[in-house]
Amino acid sequence: MHRSYELSLTTQGPTYPPSEVMDPNGDFVVIGRVNRAAADGTTSSAWGAAIVSADSPLPPHGDNAPHRIVRELPEDPNALTQADRDMVLHTLPLPLPCNNYPMLFAPDQLPDAHRVVRPSYAFHEVPIPDLRPEDGRRVAEPVTLGQWVRATGSLDVTVVEGGHAAEFAFEFAGLVPDSMYTVMSLREGDLSPEPHGPFRPGPLGIPNAFFADGAGKGRYRAVLPNPFPAPGAPGPRRIVNVVLLWMSYQQNYGGAIGHFGLGGDIHAQLKLREYSFHEFVTTAADG
């Protein structure tokens, strides 16, 4: 079985923090689900774009509250003003603001990640560990919103190995040139509230890294064992989404997707808007 998908531009992982990218004023640059107050008093969460205050209300994990919107952005990237296109993108400070996802992303590598305090950095000024000026930093110019929104990606998923595995093959264009990317898998329950979650998201294959070339193009391929077990079947939790992450520290973290996650050192740029892959079923190799 085979199916193709087009990935959607984003700056968002889960809904909190509202984005994994900040502007120079310390507000979230949201391309993804924007929480707004509905007429009936509930919170609607629809795909859109906006600048959102870091002081937005923070509900318990699993709940949503209206974002405090500083101003709207056009959902069509071609409609951005020149000032917005020139906006220099930044990491989130640490500890992560407006965050209710209680998860360590690299428990073996950095078990005290939640105690680290750092400011927000422009993407091209992130303090890469052990960097020396003579080493030749390749992302040395500001990364702007206009550059970010050029990204596109396609995904082909094919069931292989007699139904025991699936191949994920990606083609990307418009990426930040000469920089490191990784691909993340999101599985059922990764973002669920207790008692059924949350879980730590993982790489889509290991190593899950690739390098965008000077034209911003890249390819990535991974084959995963039994990524889509039938509901109720034993085995791993189903993969329900994939996310392209730009790595602001230009590092790969093995079995972890990052040290800090969610805008601290990983920054979602492309993903599927909805949970997907319902049509696929795989089985364990010994099943």
When you scan segment 1-37, how many residues do you find that are basic (Lys, Arg) and within 18 Å of Ile69 (Cα to Cα)?
2
Right, Val34: β-branched (Val, Ile, Thr), buried (at least 19 other Cβ atoms within 10 Å of the Cβ) and farther than 20 Å from Trp246 by Cβ or not?
yes
Among the residues of segment 8-30, the number that are closer than 25 Å to Arg85 by Cβ and open to solvent by less than 20 Å² (accessible area, probe 1.4 Å) is 13
Which number in (1) within 18 Å of the chain's Cα centre (by Cα); (2) without any contact (Cβ under 8 Å) to a residue 12 or more places away in the chain marks the one condition that Arg187 misses?
(2)
Among the residues of segment 173-184, which ones are part of a loop (DSSP other than H, G, I, E, B) and without any contact (Cβ under 8 Å) to a residue 60 or more places away in the chain?
Gly174, Pro177, Asp178
Check Asn208, Asn226 and return the single one that is more than 28 Å from Phe260 (Cβ to Cβ), out of contact with any Lys or Arg (no Cβ under 6 Å at 6 or more places or on another chain) and not hydroxyl-bearing (Ser, Thr, Tyr).
Asn226
Just one of the numbered conditions (1) within 27 Å of Val139 (Cα to Cα); (2) modelled with pLDDT under 95 is not true of Ala37; which one?
(1)
Filter pass, Arg238 being buried (at least 19 other Cβ atoms within 10 Å of the Cβ) and closer than 15 Å to Phe277 by Cβ
yes
Note: among Ala122, Ala151, Ala106, Ala140, just one is of a type outside the set (Val, Ile, Thr) and open to solvent by 20 Å² or more (accessible area, probe 1.4 Å), namely Ala140
Looking at segment 210-226, is at least one residue of a type outside the set (A, V, I, L, M, F, W, C), open to solvent by less than 60 Å² (accessible area, probe 1.4 Å) and farther than 20 Å from Gln269 by Cα?
yes
Just one of Gly197, Gly214, Gly189 is modelled with pLDDT of 95 or more, outside any strand (DSSP E or B) and not charged (D, E, K, R); which is it?
Gly214
Identify, from the list Ala106, Ala140, Ala83, the residue that is in contact with a strand residue (DSSP E or B) (Cβ under 6 Å, 6 or more places away or on another chain) and either modelled with pLDDT of 95 or more or in a loop (DSSP other than H, G, I, E, B) (or both).
Ala106
Can you find even one residue in segment 37-45 that is among the aliphatic types (A, V, I, L, M) and under 20 Å from the mean Cα position of the chain (by Cα)?
no
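The values are calculated or read from the model by the stated rules, or taken from the named source; none is laboratory data. The shown structure was predicted, so the numbers you read here are calculated from the model rather than taken from an experiment. Methodologically, a virtual Cβ is constructed for each residue, glycine included, from the backbone with ideal geometry; neighbour enumeration extends over all protein chains shown. When the accessible area is computed, the model is the full protein with side chains, heavy atoms only, and any ligands, DNA or RNA have been set aside. Shrake-Rupley method; radii C 1.70, N 1.55, O 1.52, S 1.80 Å.
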